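Student: Following this message is one structure expressed as structure tokens.
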Amino acid sequence: MEGITLEGSGVARADGFTLFVPLTAPGDYARIKVVKVLKRYGFGIVDQILAPSPDRLPEEEQGCGCFRQCGGCAFRHIAYGAELKIKENAVRDAFRRLGGFGLEPLPILGAPSADRYRNKAQYPLGRDRDGRIVAGFYARNSHRIVPAEDCPLQPVIFSEILRLVLDFLNANRLSVYDEGTGKGDYRHVYLREAPSTGEVMLCMVASRENPPGMRELAEKVQAAFSEVVSVYLNINPEKTNVILGREYRLLAGKAQITDEFLGKKLAVSPASFYQVNQAQAQRLYELAFDFAEFTGTEHLLDLYCGIGSIGLSAADRIGKLTGVEIVPQAVENARLNAKLNGVKAEFFCADASGAARKLAEEGAKPDVILVDPPRKGCGAEVLEAIFRMAPRKVVMISCNPATAARDCKILCEGGYRLRKYQAADMFPRTGHVECVALLTAPDAARE
């Protein structure tokens, strides 16, 4: 294998033809069975590893028996150091190829742990061949459930709670949703944890109000696990594969779980965005703050602010904080979090492009704009509003190197300069990588 993609597929070439082979590694020498041929490339599967790559881990060290089927982990078959090199190269390649930047990235920020780091999990429910209710993850490129009561990326307590839920559903012969027929009650088990406090939230997703057994299940879970301080029902009646519906009902305990993040208390609701790798997110935000080089007087505009975790964490380093987020529940959490921490800040519930445009029209002049957009990137309206507000610095946190490179290129075409960028591994063993970039305004924009 000559290379590897972010999806974990090795790249092999024969007579100029390219084959993508899942779960292989650069340096593997293997016999490959070709399963699909297109005009310019094809796909294969491993028939036999003849000589393993130095980066390949023995099966007993890979730490999971079902990752080959579930599709969640792209790199569990190779050493973590090799994974970091792949991700750093992917970010470098995006900024060079899509952004046209010759600047070298700073060394990737690896995670302190490659396992048990996620504080959020959503398990689809279904039935096995024997008719028993099972939970797990969808197989790669399908909606077939691979049963997996324990995932090495999730906290151990999630597995214990999930086991109790499954035992209860099976013992009471309750129904689970069938995507084909659109019938059945229980659809997903959704769990969140606040790592610093140990508080856990259980949210059962059902297709209708008051599904049988729900309140008894809530009581049983809370009786068995003191960590579960919040139990919700999410109602999703639509015939869709979208996990969550719009309506949440608190059945027991608190409306939010509370975590501690860079010295600040944060309330987290079921619909709120919160980084799923809390330990690494704190290091990522510290990196962004180092890029910004705050002096204590800046007006920071935090676009896509979620529950306010980034801006509030920077509150002691700046003079003024404004945050923008489109999810109403997240904005409520952000305002609550500001009160919890005694921080004076303004949070607006609006789409980032509309809010940025409105602030620009009102003559807002933030010194630093921090953007943490979804995978699709900032969008033309957000970038145009940034130009109009003319901040001295733009700090971009992105979960998609391709759109980050594109947006940085547009900002630089408008007069900004890319000063530095760095990859950060927020999701070890998966095919995702984040990056942070610093752009500064030309002298004319600072006057």
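Student: Can you find even one residue in the range 179-191 that is among the aromatic types (Phe, Trp, Tyr) and either part of a loop (DSSP other than H, G, I, E, B) or open to solvent by 10 Å² or more (accessible area, probe 1.4 Å) (or both)? Before the answer, list the steps.
Tutor: The initial filter retains those residues of the range 179-191 that are among the aromatic types (Phe, Trp, Tyr), namely 186, 190.
If we keep only those that are either part of a loop (DSSP other than H, G, I, E, B) or open to solvent by 10 Å² or more (accessible area, probe 1.4 Å) (or both) too, we end up with none.
Within the range 179-191 (the criterion being among the aromatic types (Phe, Trp, Tyr) and either part of a loop (DSSP other than H, G, I, E, B) or open to solvent by 10 Å² or more (accessible area, probe 1.4 Å) (or both)), the answer is no, since none of the residues qualifies.
Student: Please verify whether residue 109 is among the hydrophobic types (A, V, I, L, M, F, W, C), farther than 22 Å from residue 288 by Cα, modelled with pLDDT of 95 or more and surrounded by 14 or more Cβ atoms within 10 Å (Cβ to Cβ), treating the condition exactly as stated.
Tutor: On the way: among the hydrophobic types (A, V, I, L, M, F, W, C): yes; farther than 22 Å from residue 288 by Cα: no; modelled with pLDDT of 95 or more: yes; surrounded by 14 or more Cβ atoms within 10 Å (Cβ to Cβ): yes.
No: the conditions fail for residue 109.
Student: Related question: Picking from 233, 251, 244, 262, which residue would you name as being of a type in the set (A, V, I, L, M) and over 27 Å from residue 172 (Cβ atoms)?
Tutor: Answer to the selection: 262.
Student: Here is a further query. Filter the range 250-303 down to the residues that are of a type in the set (Ser, Thr, Tyr) and either under 21 Å from residue 205 (Cα atoms) or touching a Lys or Arg at 6+ places or on another chain (Cβ under 7 Å) (or both) and list them by number. Don't jump to the end; show me each part of the working.
Tutor: Within the range 250-303, the subset of a type in the set (Ser, Thr, Tyr) is 258, 269, 272, 274, 285, 295, 297.
Once the filter is applied, which keeps residues that are of a type in the set (Ser, Thr, Tyr) and either under 21 Å from residue 205 (Cα atoms) or touching a Lys or Arg at 6+ places or on another chain (Cβ under 7 Å) (or both), the range 250-303 yields 258, 269, 272, 274.
Student: Out of the residues in the range 376-385 meeting the condition of being within 25 Å of the chain's Cα centre (by Cα) and open to solvent by less than 60 Å² (accessible area, probe 1.4 Å), tell me which one is farthest from residue 363 (Cα to Cα).
Tutor: In the first step, residues of the range 376-385 are kept if they are within 25 Å of the chain's Cα centre (by Cα); the result is 376-383.
Still in the running and open to solvent by less than 60 Å² (accessible area, probe 1.4 Å): 377-379, 382-383.
Numbers: 377: 24, 378: 20, 379: 21, 382: 15, 383: 16 Å.
Checked the range 376-385; the qualifying residue farthest from residue 363 (Cα to Cα) is 377.
Student: Still on this structure, I have one more. Go through the range 150-180 and report how many residues are aliphatic (A, V, I, L, M), more than 23 Å from residue 208 (Cβ to Cβ) and without any contact (Cβ under 8 Å) to a residue 60 or more places away in the chain.
Tutor: The total comes to 1.
Student: Based on this model, can you work out whether residue 117 counts as outside any strand (DSSP E or B), crowded, with 21+ Cβ neighbours inside 10 Å and among the hydroxyl-bearing types (Ser, Thr, Tyr)?
Tutor: Numbers: outside any strand (DSSP E or B): yes; crowded, with 21+ Cβ neighbours inside 10 Å: yes; among the hydroxyl-bearing types (Ser, Thr, Tyr): yes.
So residue 117 fits the description; yes.
Student: OK, next. Going through the range 187-207 one residue at a time, which ones are touching a residue at least 40 places away in the same chain (Cβ under 8 Å) and among the hydrophobic types (A, V, I, L, M, F, W, C)?
Tutor: Our first condition is that a residue be touching a residue at least 40 places away in the same chain (Cβ under 8 Å); within the range 187-207, this holds for 187-197, 199-203, 205.
Matches in the range 187-207: 189, 191, 194, 200, 201, 202, 203, 205.
Student: Could you list all residues from the range 214-246 that are of a type in the set (D, E, K, R) and at pLDDT below 95? First the steps, then the outcome.
Tutor: Looking only at the range 214-246, we keep the residues that are of a type in the set (D, E, K, R), and these are 215-216, 219-220, 227, 238-239, 246.
Within the range 214-246, 238, 239, 246 qualify.
Condition check ((1) in contact with a helix residue (DSSP H, G or I) (Cβ under 7 Å, 6 or more places away or on another chain); (2) open to solvent by 10 Å² or more (accessible area, probe 1.4 Å)) across all residues:
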residue: 248; (1), (2): no, yes
residue: 262; (1), (2): yes, yes
residue: 270; (1), (2): no, no
residue: 280; (1), (2): no, no
residue: 289; (1), (2): yes, no
residue: 296; (1), (2): yes, yes
residue: 304; (1), (2): yes, yes
residue: 307; (1), (2): yes, no
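Student: Can residue 119 be described as more than 20 Å from the chain's Cα centre (by Cα) and not β-branched (Val, Ile, Thr)?
Tutor: Details: more than 20 Å from the chain's Cα centre (by Cα): no; not β-branched (Val, Ile, Thr): yes.
Judged against the criteria, residue 119 is not a match.
Student: Quick one: how many residues across the range 99-114 are part of a loop (DSSP other than H, G, I, E, B), among the aliphatic types (A, V, I, L, M) and over 10 Å from residue 425 (Cβ atoms)?
Tutor: In the first step, residues of the range 99-114 are kept if they are part of a loop (DSSP other than H, G, I, E, B); the result is 99-105, 110-114.
Add one more test, that the residue is among the aliphatic types (A, V, I, L, M), and what stays is 103, 111, 114.
Checking the rest, the ones that are also over 10 Å from residue 425 (Cβ atoms) come to 103.
Residues that pass the stated criteria total 1.
Student: Restricting attention to the range 137-170, which residues are open to solvent by less than 20 Å² (accessible area, probe 1.4 Å), in contact with a strand residue (DSSP E or B) (Cβ under 7 Å, 6 or more places away or on another chain) and assigned to a helix (DSSP H, G or I)?
Tutor: Listed by number, the residues that qualify are 158, 161, 162, 165, 166, 169.
Student: Within the range 363-420, can you find the residues that are assigned to a helix (DSSP H, G or I) and modelled with pLDDT under 95?
Tutor: First, the residues of the range 363-420 that are assigned to a helix (DSSP H, G or I): 380-389, 401-413.
380, 381, 382, 383, 384, 385, 386, 387, 388, 389, listed by residue number.
Student: Another question, if that's okay. How many residues does the range 323-348 contain that are under 23 Å from residue 382 (Cβ atoms), among the β-branched types (Val, Ile, Thr) and either open to solvent by 20 Å² or more (accessible area, probe 1.4 Å) or modelled with pLDDT of 95 or more (or both)?
Tutor: The total comes to 2.
Student: Tell me which residues, restricted to the range 29-64, are in contact with an Asp or Glu (Cβ under 9 Å, 6 or more places away or on another chain) and of a type in the set (Gly, Ala, Ser).
Tutor: Of everything in the range 29-64, those that are in contact with an Asp or Glu (Cβ under 9 Å, 6 or more places away or on another chain) and of a type in the set (Gly, Ala, Ser) turn out to be 30, 51, 53, 63.
Student: Which members of the range 421-441 meet the condition of being within 26 Å of residue 154 (Cβ to Cβ) and outside any strand (DSSP E or B)?
Tutor: 425, 426, 427, 428, 429, 430, 431, 432, 433 - these are the residues of the range 421-441 that are within 26 Å of residue 154 (Cβ to Cβ) and outside any strand (DSSP E or B).
Student: Does the range 314-331 hold any residues that are over 30 Å from residue 247 (Cα atoms) and touching a strand residue (DSSP E or B) at 6+ places or on another chain (Cβ under 8 Å), and which are they? Step through it out loud before you land on a result.
Tutor: From the range 314-331, those over 30 Å from residue 247 (Cα atoms) are 314-321; that's our starting set.
Across the range 314-331, the qualifying residues are 314, 315, 318, 319, 320, 321.
The values are calculated or read from the model by the stated rules, or taken from the named source; none is laboratory data. The structure presented is a predicted model; accordingly, all values stated were derived computationally and were not measured. Note that each Cβ is placed from the backbone with ideal geometry, even for glycine, and that neighbours are counted across all protein chains shown. The area values use the complete protein model at the heavy-atom level, side chains included, leaving out ligands, DNA and RNA. Shrake-Rupley method; radii C 1.70, N 1.55, O 1.52, S 1.80 Å.
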